[in-house]
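Data block below; observations after.
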Amino acid sequence: MKFRSTPPPPLGRPVDRVLLAAATVALAFSLSLASPLLAGSPSCESAELNLIFQKAPVDSAGHQTRTLFANATESIGVGVPRGEVGGTRVWGAIVSRVAGQRGVEGWAIQARTRGDIRVVDATVEGTAGALEPDGLLRDGFLQVRVPTLREESGFYSAVVLSFTQPVALRTTGTATVIAATVEAASPQGADPIEGSLEWVDGCVGCAEPFLISASVGGRKRFFCSRAPLVVRFLEQTFFRSRFVRCDTTGDGRLTITDPVSIVNRLFSGQPDPSCRDVEDCDGDLRVNLTDVIYGLNFLFNGGPPPPTPFPDCGRPGQTMSATSCAAGSSACRG
């Protein structure tokens with residue numbers, strides 16, 4: 001079953017004008033919002049530097065893009081068979097909005113886990129910190145460490161792209177700079193296993209404590225926002241059902257009716273659908289107004305499509321939440 005983006009069809013029933021207005025306002029709001037991760041930190045929206053976690057790395061040349069907050073996320077969910085140890089890959093990125101002609105030339109970053117997860121590996125391979133031609137590292141400096149002590153879990157990375165040439169990240173955009181493997185601290189059972197990965201000052205596997213920072217034009221700069229990442233491992237039985245993300249009406253098309261139906265449920269007290277993850281249009285493991293914004297942006301503003309499963313019916317794997325479709329249910333037709 002394939003999706004196609006079509007003009008809004010006539011609605012099958014009257015929709016409360018307030019609710020439809022809310023969807024319209026959500027679309028307008030999305031055009032000016034720098035990042036959903038900074039909704040509570042308006043002072044960081046136009047900051048020079050922000051540090052984020054990503055659900056996927058930037059896959060363009062040099063692993064950087066002019067898009068601000070590309071692939072940013074605050075949470076990741078992973079389905080794990082009972083008795084196995086869950087694991088997932090996460091990425092960290094620098095978001096730049098630097099005035100002038102020179103971007104970030106180097107950085108020193110570190111993160112520490114809290115809760116029942118641990119970092120087992122970290123690398124700059126597949127990021128902007130990798131050696132040319134895959135990354136931007138030329139004749140500079142590179143160090144990545146993961147603590148060997150079990151009671152301290154996290155990673156530390158320091159990169160200088162070049163000592164002799166003007167190599168730097170884009171002045172405006174997002175650059176993936178670190179990749180890490182995170183595992184559950186114990187085998188999967190019936191209860192979720194949860195923890196967080198947080199950017200921290202101090203020392204995580206380094207020689208001496210330091211403040212997370214970057215170098216721009218030879219001067220030290222600090223990050224305005226350092227949003228943490230929540231990682232949840234859940235028993236695989238939550239994820240048996242197949243569905244198509246954001247097709248809330250199940251009619252095989254993504255139209256304005258789908259985000260409006262989410263608004264209706266959020267604000268008029270309608271019951272949850274049998275497969276609530278269908279409404280998680282942006283795949284951030286929560287259902288809220290940002291899903292309405294995401295769907296409308298895709299339809300009318302050239303925004304990115306919903307994450308898998310989309311446009312085909314399927315199972316989402318690592319982007320599912322604890323409120324996944326009940327086993328045996330399905331939101332797919334045909």
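The values are calculated or read from the model by the stated rules, or taken from the named source; none is laboratory data. Computed from a predicted model, the values in this text were never measured in an experiment. Glycine also receives a Cβ, built like all others from the backbone with ideal geometry; neighbour counts cover every protein chain displayed.
Quick notes
- Taking each residue of segment 97-108 that is assigned to a strand (DSSP E or B) and looking for partners that are surrounded by fewer than 16 Cβ atoms within 10 Å (Cβ to Cβ) with beta-carbon atoms closer than 7 Å, six or more apart or interchain, yields 97/46; 97/172; 108/210.
- Within segment 212-236, the set of residues being in a loop (DSSP other than H, G, I, E, B) and farther than 16 Å from residue 144 by Cα comprises 217, 218, 222, 223, 224, 225, 227, 228.
- Test: residue in segment 152-175 that is within 30 Å of residue 236 (Cα to Cα) and β-branched (Val, Ile, Thr): no
- Number of residues in segment 246-261 that are out of contact with any Ser or Thr (no Cβ under 6 Å at 6 or more places or on another chain), within 21 Å of residue 312 (Cα to Cα) and in a helix (DSSP H, G or I): the value is 1.
- In segment 248-257 there is no residue matching the filter, namely being buried (at least 19 other Cβ atoms within 10 Å of the Cβ), in contact with a strand residue (DSSP E or B) (Cβ under 8 Å, 6 or more places away or on another chain) and modelled with pLDDT under 85.
- Summed over segment 144-189, residues that are within 25 Å of the chain's Cα centre (by Cα) and part of a strand (DSSP E or B) total 21.
- For segment 274-291, filtered to residues that are surrounded by fewer than 20 Cβ atoms within 10 Å (Cβ to Cβ) and not in a helix (DSSP H, G or I), the residue that is modelled with the highest pLDDT is 288.
- Output for segment 190-210, where each listed residue is hydrophobic (A, V, I, L, M, F, W, C), in contact with a strand residue (DSSP E or B) (Cβ under 8 Å, 6 or more places away or on another chain) and part of a loop (DSSP other than H, G, I, E, B): 190, 200, 203, 204, 206
- Residues that are at pLDDT 85 or above and surrounded by fewer than 19 Cβ atoms within 10 Å (Cβ to Cβ) occur at least once in segment 304-327.
- Considered as a group, the residues in segment 106-129 that are of a type outside the set (Ser, Thr, Tyr) and touching a helix residue (DSSP H, G or I) at 6+ places or on another chain (Cβ under 8 Å) include one that is surrounded by the most Cβ atoms within 10 Å (Cβ to Cβ), and that residue is 128.
- One residue from 77, 103, 86 being over 14 Å from residue 169 (Cα atoms) and more than 18 Å from the chain's Cα centre (by Cα): 86
- Residue check for residue 78: closer than 17 Å to residue 200 by Cβ and among the β-branched types (Val, Ile, Thr): no
- Residues satisfying the stated conditions in segment 292-315, i.e. farther than 19 Å from residue 54 by Cβ and free of Cβ contacts under 8 Å to residues at least 60 places away in the same chain: 295, 302
- For segment 73-96, the set of residues classified as within 30 Å of residue 45 (Cα to Cα), modelled with pLDDT of 90 or more and not charged (D, E, K, R) consists of 88, 90, 91, 92, 93, 94, 95, 96, listed by residue number.
- In segment 135-166, residue surrounded by the fewest Cβ atoms within 10 Å (Cβ to Cβ) [restricted to those that are in contact (Cβ under 8 Å) with a residue 60 or more places away in the chain and within 28 Å of residue 118 (Cβ to Cβ)]: 145
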